[in-house]
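Take a look at the structure below.
The values are calculated or read from the model by the stated rules, or taken from the named source; none is laboratory data. Predicted model only: the values in this text are computed from it and were never measured. Here the Cβ positions follow ideal geometry from the backbone for every residue, glycine too, while neighbour counts run over all protein chains shown. In case anyone asks, the SASA skips ligands and DNA or RNA and just uses the protein heavy atoms, side chains included. Shrake-Rupley method; radii C 1.70, N 1.55, O 1.52, S 1.80 Å.
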Amino acid sequence: MKLKVLGCSGGIGGAEARTTAFLADNDILIDCGTGVGDLELEALAAVDHIFVTHSHMDHIAAIPLIVDAVGEMRGVPITVYAIPEVLRILRAHVFNWLIWPDFTAIPDRRRPFLRLQPVKVGETVKLGTRTITPLPALHSVPAVAYCLDGGDGQLVYTGDTTYSPELVAAINACPRLRHLIIETAFSDEQHGLALASRHMSPGMVAGLLNDLTVEPRVHISHIKPGQRERVMAQIAAAGGRLRAEVLHQGQVIEF
């Protein structure tokens, strides 16, 4: 599989501050933040599947806009996959005719532009030769991580999470793991805020990496704008067996 980073910032403010979205091959989005807005219309129309980690705005902002932009161009609905708690939030607070039209009923419920598909932690979704499996994550709202498997190798994207023994165990259970994308939203000086909001700080990331038995290439995402150098320096200073590198908008990862 091939994963292109459309956005990996923890906020907006600058040319490379697009919020989280990854394009897997040409037809799958993993989260759907503001980075999706840089795709051309034809590329948007080619997206068949959107896997959402959780319901926060920086990860779902472009879902309503992409469906509105390309719904009439497609013969089949775009399918959004998420755990049931996340789908309930999307129905109640986004596709509710107040914030945005309910595209699961447009043009009608027999032929909608959007389909919402529940998934469960540990249950794999198979898309041709590719599989995507939700993994446990621990955030301030219901959330999951995802393991992407193209057959030859695997990539785990944690989404937004704090340290979770269940997530560590799930990552260690990926035998062909080549890449790990893990968030670090706050610096060590903001460790208390990271704990309160169930995000990661550099010290927490170092602890998680030291608990891994697998040896993936580690990519750090979701850093707040203006904090990149500080956060990456603190991760490096923590040492550990695995070296981490910052994830960049536009980067392409093959596995």
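Heavy-atom accessible area per residue, the chain, 1.4 Å probe: how many Å²? Please list the in-between numbers first.
Numbers: 10860 Å² over 255 residues.
Ligands and nucleic acids excluded, the figure is 43 Å² per residue.
Give me the net charge of Leu90's neighbourhood, meaning all other residues with Cβ under 14 Å from the Cβ of Leu90; Lys, Arg count +1, Asp, Glu -1. Before the final figure, lay out each step's value.
Working: positive: Arg88, Arg91, Arg115; negative: Asp31, Glu85, Asp102.
Net of charged neighbours comes to 0.
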Cβ-derived FRET efficiency at R0 25 Å, Gln117 paired with Asn96, nearest 0.05 = 0.85
Lys and Arg at +1, Asp and Glu at -1: neighbours of Asp38 with Cβ under 14 Å from its Cβ sum to -1
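Over the chain, with every protein chain in place, what whole percent of the accessible area is carbon and sulfur at 1.4 Å, could you tell me? Kindly include the intermediate steps, with their values, before the conclusion.
On the way: 5860 of 10860 Å².
Carbon plus sulfur share of accessible area: 54 percent.
Sorted by packing (mean other beta-carbon atoms within 10 Å per residue), highest first, where do 189-196, 143-150 land? Present the calculation step by step, with values, prior to reporting the outcome.
Numbers: 189-196: 14.6, 143-150: 24.1.
Top to bottom by mean Cβ count within 10 Å: 143-150, 189-196.
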